[in-house]
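In what follows, a single structure is set out as structure tokens and then discussed.
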Amino acid sequence: MRTTSGTTSGAVSGTTAGSGPVFPPARAARARRWAAAAAALAAALTLSSAAPAPPPGEARAPASADGLRVTQIQAMATHNSYHREAPFAEQQLMARHDPGFRTLLYSHASLPVQFERQQARGIELDVLPDPDGGLYADPLIRKDAGLPPLTDPRLREPGFKVLHWADFDYRSSCVTLKGCLSQVKRWSERHPAHVPVPVLLELKQTDPEMEARGGAKSPPWDTKMLDALDAEIRSVFPDEATLTADDIRRPGETLEESVLAHGWPRLSAARGKVMFLMDNDDQRLQDAYRAGGRESLQGRVLFTDSEPGRPDAAYMKVNDPTGPNRAVIQELVKKGYFVRTRSDEPLDQAAGGDTGMLRDALASGAQMISTDFPVPGLAARYGSDYVAELPHGSGPVRCNPVTAPGPGCPRGRLER
């Protein structure tokens, strides 16, 4: 999801992603957008009906961790979890074209290592469509750097690919969506009692300037392509291995009505499963996904990034937990929504070591907190010992400080 300016490169969104590898600085504009978003969410929460009474049995702590709901836990996740740093020859070209290229110089461990040794309980994958195969197999920047062609045969297979920025920043620890998910599936099968793992998918398209230079041009994310995405996910994770809107929605109710009245499932019914979240907030893309009478995500795999008052409202993304957004997130999770936020932005925290955004993220009660720095040492190259972790001794997951604080938290480890 990251680009050199902190904006989204090639993502399907309501704004233009940019005109090539050089994106203008957007810090002030980003701050204004988040201020507006906070105000809009606060207004929506104020205008909506009062938060419902907790579902039966929620007034006191459950006897065991299995009695907690999915929204009553909190865990760290990784951002751009697949990403690998470009080779030096390509970095030289990146530096020539983009003064902020340093934000692309990071690598994550393979997905199973993140789960096993870094205690991540959530990941993010950037996905591009490649129905015929080979669309992203010959990146422009690799040719310009004089490097030999890529030889990974999976790049030429039909199916969705996982990469950050076609033709510019393409290295990945798992190049196909099916391959990435298969790694998650194998880890999950070895740890059947894990808490549900959210997999955030950003649905991307190719960069217009790279297209003009002869680079790849991705097909559109229409309903047919989104159907194919659901089918490819289900080829790895059958319905019994996922947590979807169909598992939450009650007969005669919208998804949001069910979330607010009954809550998300308890861990006893959700252990060993994964759940898929759509990062994109573009209305046209979401409408294509909900088309055909699927306003409450009937039969769909992904939860859409929604807002209070919509039939599909179950999960929401508020990436900046600082300032007024901290209270906004707290109100959302109190109502029963699942929220994703971030503990750091490209290099800001890593360069100075400031943990203020992390503290706000933890205190907000967001259930999924994404970071680029899940373990010590990753920020050292930028000049600090910054690391984003749950409080010491929590393990990979803890009781949510907003929805299951203190007396509401059962004793013992939450993950067996």
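With springs only between Cα atoms under 10 Å, which of Asp344, Asp144, Asp222 fluctuates most in a Gaussian network model of the chain?
Asp144
Dipole size in debye (nearest 20) for the chain around its Cα centre, Lys and Arg Cβ +1, Asp and Glu Cβ -1?
Working: 49 positive and 51 negative charges, 191 e Å.
The dipole of the chain has a size of about 920 debye.
Take every DSSP beta bridge whose two residues both sit in the chain, then give the antiparallel share in percent to the nearest 5. It would help to have the intermediate numbers written out before the result.
Working: 10 of 34 bridges.
So the antiparallel bridges amount to about 30 percent of the total.
If you stretched the chain out fully between Asp227 and Ala212, how much longer would it get, using 0.36 nm times the residue separation minus the C-alpha to C-alpha distance? Let's see the in-between values first.
Details: separation 15, 0.36 × 15 = 5.40 nm, distance 2.87 nm.
Full extension of this stretch gives 2.5 nm more.
Just to be sure I understand: with springs between alpha-carbon atoms less than 10 Å apart, which residue in Ala269, Ala212, Ala388 has the highest mean-square fluctuation in the Gaussian network model of the chain?
Fluctuation is largest for Ala212.
Placing +1 at every Lys and Arg Cβ and -1 at every Asp and Glu Cβ, with all other atoms neutral, what dipole size does the range 152-236 have around its Cα centre, in debye to the nearest 20?
Details: 13 positive and 13 negative charges, 81 e Å.
With only Lys, Arg, Asp and Glu charged at Cβ, the dipole is about 400 debye.
Suppose every K and R has +1 on its Cβ and every D and E has -1 on its Cβ; what is the size of the dipole of the range 359-416 about the Cα centre, in Debye to the nearest 20?
On the way: 6 positive and 5 negative charges, 53 e Å.
So the dipole magnitude of the range 359-416 works out to roughly 260 debye.
Please report the antiparallel percentage of the DSSP beta bridges confined to the range 181-310, to the nearest 5.
Details: 0 of 8 bridges.
If I count the DSSP bridges inside the range 181-310, around 0 percent turn out antiparallel.
Simple spin-label model, 7 Å along Cα-to-Cβ: Leu147 to Lys185 in nm?
My value for the distance between the label points is 2.9 nm.
Hey, which of these cross-link pairs are over 31 Å Cα-Cα: Lys185/Lys317; Lys143/Lys224; Lys178/Lys217; Lys143/Lys204; Lys217/Lys317; Lys224/Lys317?
Working: Lys185/Lys317 25 Å; Lys143/Lys224 33 Å; Lys178/Lys217 21 Å; Lys143/Lys204 22 Å; Lys217/Lys317 28 Å; Lys224/Lys317 25 Å.
Check vs 31 Å cut-off fails for Lys143/Lys224.
From the residues Leu203, Ala61, Pro192, which one has its Cα farthest along the dipole of the chain in the positive direction, the dipole being from +1 and -1 charges on Cβ of Lys/Arg and Asp/Glu about the Cα centre?
Checked the options; the winner is Ala61.
Using θ = phi - 60° and the Karplus relation 6.51 cos²θ - 1.76 cosθ + 1.60, list the HN-Hα couplings for the range 233-248 in order, rounded to whole Hz, with x at every Gly or Pro.
These are the phi-based 3J(HN,Hα) values: 4, 5, 5, 9, 10, x, 4, 5, 9, 10, 9, 10, 4, 5, 7, 10 Hz.
Please give the FRET efficiency for Asp138 paired with Asp385, using the beta carbon to beta carbon distance and R0 = 35 Å, rounded to the nearest 0.05. Write out the running numbers ahead of the final one.
Details: r = 40 Å, r/R0 = 1.13.
For R0 = 35 Å, the calculated efficiency reads 0.30.
Take the alpha carbon gyration tensor of the range 221-294, find the square roots of its eigenvalues, order them as a ≥ b ≥ c, and report rounded if a/c is under 1.5; if not, report prolate when a/b exceeds b/c, else oblate. Don't jump to the answer; show the numbers that get you there.
Numbers: a/c = 2.12, a/b = 1.26, b/c = 1.69.
Oblate is the answer for the range 221-294, as a/c is 1.5 or above yet b/c matches or exceeds a/b.
In degrees between 0 and 90, to the nearest 10, how far off the longest principal axis of the chain does helix 324-335 point, with axes built from Cα atoms?
The angle comes out near 50 degrees.
Please work out how much length the chain gains when fully extended from Arg96 to Arg359, using 0.36 nm per residue of separation minus the C-alpha to C-alpha distance, in nm with one decimal. Before the final figure, lay out each step's value.
On the way: separation 263, 0.36 × 263 = 94.68 nm, distance 3.62 nm.
Separation in residues times 0.36 nm, less the Cα-Cα distance, equals 91.1 nm.
Taking amide H atoms as placed 1.01 Å from N in the peptide plane, list the residues 5 or more away in sequence, or in a different chain, whose amide H sits under 5 Å from that of Tyr315.
Result for Tyr315 returns Ser306, Phe338.
Based on the mean of other beta carbon atoms within 10 Å per residue, what is the order of 373-381, 134-142, most packed first?
On the way: 373-381: 16.7, 134-142: 20.1.
Ranking, from highest mean packing down: 134-142, 373-381.
Relative to the present Cα-Cα distance, how much length would full extension add between Arg154 and Ser268 at 0.36 nm per residue of separation?
37.3 nm
HN-Hα J couplings of the range 198-204 from phi, Karplus 6.51/-1.76/1.60, θ = phi - 60°, integer Hz, Gly and Pro as x?
Along the range 198-204, the couplings run x, 10, 8, 10, 9, 8, 10 Hz.
Show me 192-199, 151-158 ranked by packing, highest mean number of other Cβ atoms within 10 Å first.
On the way: 192-199: 20.1, 151-158: 13.6.
Going from most to least packed, we get 192-199, 151-158.
By DSSP, what percent of the beta bridges with both residues in the range 110-206 are antiparallel, rounded to the nearest 5? Please report the intermediate quantities before stating the final value.
Working: 4 of 9 bridges.
Bridges in the range 110-206 are about 45 percent antiparallel.
Among 85-91, 322-328, 126-132, 160-166, what's the highest-first ranking by average C-beta atoms within 10 angstrom per residue? Could you put the intermediate results ahead of the total?
Numbers: 85-91: 15.9, 322-328: 18.1, 126-132: 20.9, 160-166: 25.3.
Result, highest mean Cβ count within 10 Å first: 160-166, 126-132, 322-328, 85-91.
Values quoted throughout were computed directly from the atomic coordinates according to the rules given, and no laboratory measurement underlies them. Please read all numbers here as calculations on a predicted model, not as lab measurements. Backbone-built Cβ (ideal geometry, glycine too); neighbour counts: all protein chains shown.
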